[in-house]
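Just dropping this structure here.
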Amino acid sequence: MGSSNEKRGKGCWCWLFIILIAAAVVAAAVITIKNKNDKSHPKAPPVPGPPGAITQKYADALKAATQFFNVQKSGKLVNNKIPWRGDSALKDGSEEDVDMSKGMYDAGDNMKFNFPMAFTATVLSWTILEYGDQMDVVKQLEPAQDSLKWITDYLINSHPSENVLYIQVGDPEADHKCWQKPESMTEARPVTQVNTSSPGTEVAAETAAALASASLVFKKINSTYSDLLLKHAGQLFTFANTYRRSYSVSIPKVQTYYNSTGYGDELLWAASWLYHATEDMSYLKFVTGKDGKQFGNFGNPTWFSWDNKLAGAQVLLSRVNFFGQEERSNDEKLGLQMYRKTAEAVMCGLLPDSPSATSSRTDGGLIWVSEWNALQHPVAAAFLAIVYSDYMLTSQTASIYCSGKTYTAADLRNFAKSQADYVLGDNPMKMSYLVGYGDKYPEYVHHRGASIPADAKTGCKGFEWLESTEPNPNVAVGALVGGPFQNETYIDSRNNSMQGEPTTYNSAIIVGLLSGLLTTSSVVRSFT
């Protein structure tokens with residue numbers, strides 16, 4: 001029998017053994033939990049370097065898509081690349097002693113609507129700022145910059161004084177009673193303006209966003225022009241914010257074509273771009289203060305379009321949250337977090353197997369929102385998804401959370417590719433909805449200039465070309481048509497404007513999406 005000291009010694013060793021076993025169990029449990037967490041919390045992939053390998057189908061599609069801006073140009077054409085287009089609308093604005101000859105026609109008609117045209121410029125600027133290096137690899141950066149300047153030159157001229165902005169050229173009712181090439185127009189082209197007695201907050205703010213974002217594009221190319229753009233942007237934002245009223249209320253006739261559902265989103269969008277362009281904290285305070293709370297619609301995902309910029313502003317301000325390092329007040333930090341949280345909710349709604357995925361999509365996986373111009377929303381949503389995924393990659397953000405499930409930047413990229421691929425022919429019709437790309441695309445596009453031979457003398461009443469059963473004599477390369485019905489059918493008829501009419505702003509969003517998918521590279525952390 002051992003001594004009591006021996007018994008105490010054995011007891012100590014027993015307890016020590018038990019403690020060691022327990023520690024091992026805890027360690028094993030920790031390792032198990034860590035492994036589980038590693039599976040649900042993926043490690044961030046490396047930050048992409050310079051542009052990598054080119055995906056050829058997206059390069060080919062991008063080269064086609066950028067050409068539609070040339071198809072839509074108004075004014076005296078310089079280095080005209082479209083053989084069936086010529087000078088047109090050279091006297092636009094002359095009755096008011098302003099030169100509004102430039103700019104771009106809205107769609108298949110000969111109207112200039114500044115509200116969607118300014119949105120075109122803003123999205124094109126955003127694309128160049130994020131993906132200019134990628135566009136440059138396939139020689140599409142300079143054409144995009146030229147197209148942007150064609151619009152911004154026009155927008156500057158549309159703003160002859162601080163509180164006056166011309167917002168439209170042409171009478172849509174008269175225009176739609178004609179079927180003629182823009183080169184043949186002889187009818188009156190009245191201009192419409194907003195001012196202090198008839199304000200138009202959303203169109204003034206969208207123009208401010210266009211000019212502010214473009215000022216960043218041209219900052220290193222042409223600093224004098226960049227400064228001019230920024231001056232107009234600041235004045236237009238002040239005008240929009242000081243005289244708050246929807247242009248749809250001030251000018252009821254605009255409701256027929258580009259009716260606005262509200263101006264709060266444009267104010268936030270414009271302030272977001274002005275903050276990026278100036279780093280003036282007053283613009284950040286605007287979007288994170290009472291106006292942000294009033295108009296931000298936080299927690300409620302929305303669709304990005306010419307009418308509603310909220311999702312775009314949320315993604316753009318997420319950029320500040322992803323990359324901004326400077327000191328901010330608690331209110332500003334909280335406000336930016338709310339924009340990012342809502343942007344993440346937008347992304348969760350897009351991912352097809354997310355618990356909060358929208359049911360607004362076709363059986364073939366295309367996001368579906370509207371019968372008219374059906375492709376606008378899926379392409380715009382996919383553009384935001386690719387931008388957000390690249391913010392995640394560059395900031396080494398491993399994942400986002402959607403109602404308890406984890407998704408990566410690669411998941412967002414795959415969603416964006418699915419929408420682009422659908423547009424380019426991976427759809428039940430086996431048809432490319434981007435004219436000029438692929439072996440099969442619409443031949444009866446609802447577009448006056450494309451439908452009328454270049455040497456035809458029609459005047460206003462050229463409706464025989466609208467009714468013709470022959471395919472368009474001119475191919476409107478790069479036109480993104482309205483797209484399929486919800487049952488994924490498409491009727492290729494020139495009279496089918498619901499499906500077959502392209503728009504200039506459609507071109508901006510498809511150029512953005514294709515530029516993002518073209519290859520991989522890290523996005524710049526700051527535009528300035």
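The values are calculated or read from the model by the stated rules, or taken from the named source; none is laboratory data. Being a predicted model, the structure only gives us computed values, none of them experimental. No Cβ is skipped: glycine too gets one built from the backbone with ideal geometry, and neighbour counts run over all protein chains shown. Please note that ligands, DNA and RNA were not included when accessible areas were found on the heavy atoms of the full protein model with its side chains. Shrake-Rupley method; radii C 1.70, N 1.55, O 1.52, S 1.80 Å.
Which of the residues that make up region 159-186 are in contact with a Leu (Cβ under 6 Å, 6 or more places away or on another chain) and under 25 Å from GLY234 (Cβ atoms)?
HIS159
Looking at region 181-197, which of the residues that are modelled with pLDDT of 95 or more and among the polar types (S, T, N, Q) is most open to solvent (accessible area, probe 1.4 Å)?
Per the criteria, the residue is SER197.
Of all residues in region 507-528, which are touching a Gly at 6+ places or on another chain (Cβ under 8 Å) and under 17 Å from TYR437 (Cα atoms)?
SER507
Only one of (1) in contact with a His (Cβ under 9 Å, 6 or more places away or on another chain); (2) open to solvent by less than 10 Å² (accessible area, probe 1.4 Å) is not met by LEU351, so which one is it?
Single failed check for LEU351: (1).
While we're looking at this one, here's another question. Just need a number here: residues in region 220-251 that are part of a loop (DSSP other than H, G, I, E, B) and either more than 21 Å from PHE527 (Cβ to Cβ) or touching a Ser or Thr at 6+ places or on another chain (Cβ under 9 Å) (or both).
Number of matching residues: 6.
A follow-up question, please. I want to confirm something. Restricting to region 72-83 and keeping residues that are more than 22 Å from GLY132 (Cβ to Cβ) and in contact with a helix residue (DSSP H, G or I) (Cβ under 7 Å, 6 or more places away or on another chain), which single residue is surrounded by the fewest Cβ atoms within 10 Å (Cβ to Cβ)?
So, considering only residues that are more than 22 Å from GLY132 (Cβ to Cβ) and in contact with a helix residue (DSSP H, G or I) (Cβ under 7 Å, 6 or more places away or on another chain), the one surrounded by the fewest Cβ atoms within 10 Å (Cβ to Cβ) is ILE82.
Given the options ASP455, ASP426, ASP421, ASP439, name the one that is modelled with pLDDT under 95 and either open to solvent by 60 Å² or more (accessible area, probe 1.4 Å) or part of a helix (DSSP H, G or I) (or both).
ASP455
Mind telling me which of the residues ALA382, ALA374 ends up being open to solvent by less than 10 Å² (accessible area, probe 1.4 Å), modelled with pLDDT of 95 or more and assigned to a loop (DSSP other than H, G, I, E, B)?
Details: ALA382 fails: assigned to a loop (DSSP other than H, G, I, E, B).
Step by step, each of ALA382, ALA374 is checked, and only ALA374 is open to solvent by less than 10 Å² (accessible area, probe 1.4 Å), modelled with pLDDT of 95 or more and assigned to a loop (DSSP other than H, G, I, E, B).
Take ARG448 and decide whether it is buried (at least 22 other Cβ atoms within 10 Å of the Cβ) and farther than 19 Å from ALA64 by Cα.
Values: buried (at least 22 other Cβ atoms within 10 Å of the Cβ): yes; farther than 19 Å from ALA64 by Cα: yes.
Yes; evaluated as a whole, the condition is true for this residue.
Okay, next question. Whether any residue in region 85-104 is open to solvent by less than 30 Å² (accessible area, probe 1.4 Å), within 18 Å of the chain's Cα centre (by Cα) and within 30 Å of TYR391 (Cα to Cα) is what I want to check. Please lay out each step first, then the result.
First, the residues of region 85-104 that are open to solvent by less than 30 Å² (accessible area, probe 1.4 Å): 85-86, 88-89, 92-93, 98, 100-101, 103-104.
Filter once more, keeping what is within 18 Å of the chain's Cα centre (by Cα): 104.
Then drop every residue that is not within 30 Å of TYR391 (Cα to Cα), which leaves none.
The answer is no; no qualifying residue exists.
Exactly one condition in (1) closer than 30 Å to TYR283 by Cβ; (2) crowded, with 18+ Cβ neighbours inside 10 Å is not met by ASP331; state its number.
With respect to (1) closer than 30 Å to TYR283 by Cβ; (2) crowded, with 18+ Cβ neighbours inside 10 Å, ASP331 is out only on (2).
Still on this structure, please answer the following. Residue check, ILE151 against (1) modelled with pLDDT of 95 or more; (2) open to solvent by 10 Å² or more (accessible area, probe 1.4 Å); (3) of a type in the set (A, V, I, L, M); (4) under 30 Å from THR196 (Cβ atoms), all met but one. Which one?
(2)
Return only the number of the condition from (1) charged (D, E, K, R); (2) over 22 Å from SER260 (Cβ atoms); (3) open to solvent by 10 Å² or more (accessible area, probe 1.4 Å) that ARG319 does not satisfy.
Here ARG319 meets the rest and fails (3).
Here's something else I'd like to know. Using the structure shown, decide if GLU344 is within 19 Å of ALA409 (Cβ to Cβ), among the acidic types (Asp, Glu) and touching a residue at least 12 places away in the same chain (Cβ under 8 Å).
Against the criterion (within 19 Å of ALA409 (Cβ to Cβ), among the acidic types (Asp, Glu) and touching a residue at least 12 places away in the same chain (Cβ under 8 Å)), GLU344 qualifies.
May I ask you to list the residues in region 307-337 that are under 14 Å from ALA381 (Cβ atoms), in contact (Cβ under 8 Å) with a residue 40 or more places away in the chain and not basic (Lys, Arg)?
Correct list: ASN308, LEU310, ALA311, GLY312, VAL315.
Among the residues that make up region 269-276, is at least one of them assigned to a loop (DSSP other than H, G, I, E, B) and in contact (Cβ under 8 Å) with a residue 12 or more places away in the chain?
Scanning region 269-276, I find no residue that is assigned to a loop (DSSP other than H, G, I, E, B) and in contact (Cβ under 8 Å) with a residue 12 or more places away in the chain, so the answer is no.
Show the residue pairs that are 6+ apart or on different chains and have beta-carbon atoms under 6 Å apart, the first residue being within region 353-366 and on the phi > 0 side of the Ramachandran plot, the second being of a type outside the set (D, E, K, R) and crowded, with 16+ Cβ neighbours inside 10 Å.
Every condition considered, the pairs that remain are GLY365/SER418.
Matching residues to (1) aliphatic (A, V, I, L, M); (2) under 22 Å from VAL523 (Cα atoms); (3) at pLDDT below 95:
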position: LEU267; (1), (2), (3): yes, no, no
position: SER272; (1), (2), (3): no, yes, no
position: LEU316; (1), (2), (3): yes, yes, no
position: ARG340; (1), (2), (3): no, yes, no
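Cβ contacts < 7 Å: first residue more than 15 Å from TYR275 (Cβ to Cβ) and touching a residue at least 40 places away in the same chain (Cβ under 8 Å), restricted to region 222-238; second residue open to solvent by 40 Å² or more (accessible area, probe 1.4 Å) and in a loop (DSSP other than H, G, I, E, B), any location; separation 6+ or different chain. Result?
Hits for this filter: GLN235/GLU162.
Something else: Residue by residue through region 153-189, note down the ones that are farther than 16 Å from PRO116 by Cα and among the hydrophobic types (A, V, I, L, M, F, W, C).
Hits for region 153-189 are VAL164, ALA174, CYS178, TRP179, MET185, ALA188.
Identify, from the list GLY170, GLY200, the residue that is out of contact with any helix residue (DSSP H, G or I) (no Cβ under 7 Å at 6 or more places or on another chain) and open to solvent by less than 10 Å² (accessible area, probe 1.4 Å). Spell out the reasoning first.
On the way: GLY200 fails: out of contact with any helix residue (DSSP H, G or I) (no Cβ under 7 Å at 6 or more places or on another chain).
The unique qualifying residue is GLY170.
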